[in-house]
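The values are calculated or read from the model by the stated rules, or taken from the named source; none is laboratory data. Since the model is a prediction, treat every value here as computed from it, not as a measurement. Here the Cβ positions follow ideal geometry from the backbone for every residue, glycine too, while neighbour counts run over all protein chains shown.
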Amino acid sequence: MTDDTQGARASRPQQQPRKSGTEKPPHKLWHNRGYLPHVDSPGLIQGITFRLADALPRDVLTRLAQEDIDESERRDRIEALLDSGHGACWLQDAAMADIVEDALLHFDGQRYRLLAWCIMPNHLHVLIETREGWPLPGIVQSWKSFTAKAINQTLGRNGTVWMEDYFDRYIRDDQHLAAVIAYIQGNPVKAGLVQHEQDWLHSSASKRSPCLPPHDH
């Protein structure tokens, strides 16, 4: 991934360029970004997490990477650190969270199907079903580029907004789907920010029924 602070118009997330009127960018299928195998294929449901650039101290990440623990435990510890509220936490400002939420909703039903989301003070969780011609890396890059530019403009600053990469995991079955939706929408409660998930305004729990239909696969 490259620097996320440039590359999109302020009015809406950037349209991915295509070489011709019919050619679509390829999905990467199974691939490796240096730490876990990932799969990008149309029709998959994907859980995505990314964070603000200052949400985790670099020395903490380095220490976690060096520890002899499995990936699941490492992810749990990273999530706990994120929930502790490290960094500037720009997304706790409703105006900043609105920018991100609007970007997620903008192409819902066109480039992807947006199933669940939660914008936390220094990170966010998103659950989407991918579509043919819109590979996951391009979707995430579009969100990050557009929102980084808009957040910087609103704050009157320049510089990096988001972490360089992102975490993604595809949904295996309906049980996994239900568990991920519950985790995403319950994150503010788990972090001690609200008592009820519906009280967190920048989340699908407060805007859509938590009883989402199962995926079609």
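Here Ala55 fulfils each of the conditions (1) more than 18 Å from the chain's Cα centre (by Cα); (2) part of a loop (DSSP other than H, G, I, E, B) apart from (1).
Residues in the range 58-87 that are more than 22 Å from Lys190 (Cα to Cα) and either charged (D, E, K, R) or within 18 Å of the chain's Cα centre (by Cα) (or both): Arg58, Asp59, Arg63, Glu67, Asp68, Asp70. Looking only at residues in the range 66-102 that are assigned to a loop (DSSP other than H, G, I, E, B) and among the small types (Gly, Ala, Ser), the one that is surrounded by the most Cβ atoms within 10 Å (Cβ to Cβ) is Gly87. Restricting Val140, Val180 to residues that are under 26 Å from Gly87 (Cβ atoms), part of a helix (DSSP H, G or I) and touching a Lys or Arg at 6+ places or on another chain (Cβ under 9 Å) narrows the list to Val180. In this structure, Thr154 does not satisfy being outside any helix (DSSP H, G or I) and surrounded by fewer than 19 Cβ atoms within 10 Å (Cβ to Cβ). From the list Arg113, Arg169, the lone residue that is free of Cβ contacts under 8 Å to residues at least 60 places away in the same chain, part of a strand (DSSP E or B), among the charged types (D, E, K, R) and over 16 Å from Ala55 (Cβ atoms) is Arg113.
From the list Gln185, Gln175, Gln198, the lone residue that is of a type outside the set (A, V, I, L, M, F, W, C), part of a helix (DSSP H, G or I), crowded, with 19+ Cβ neighbours inside 10 Å and modelled with pLDDT of 95 or more is Gln185.
Being at pLDDT below 95, within 24 Å of Ile171 (Cβ to Cβ) and among the basic types (Lys, Arg) is the requirement here; does Arg51 meet it? It is false that Arg51 is at pLDDT below 95, within 24 Å of Ile171 (Cβ to Cβ) and among the basic types (Lys, Arg). Would you please list the contacts, defined by Cβ atoms under 7 Å and residues six or more apart or on different chains, that run from a residue in the range 51-75 that is touching a residue at least 24 places away in the same chain (Cβ under 8 Å) to a residue that is among the aromatic types (Phe, Trp, Tyr)? Note: pairs meeting the criteria are Leu52/Trp90; Leu52/Trp162; Ala53/Trp162.
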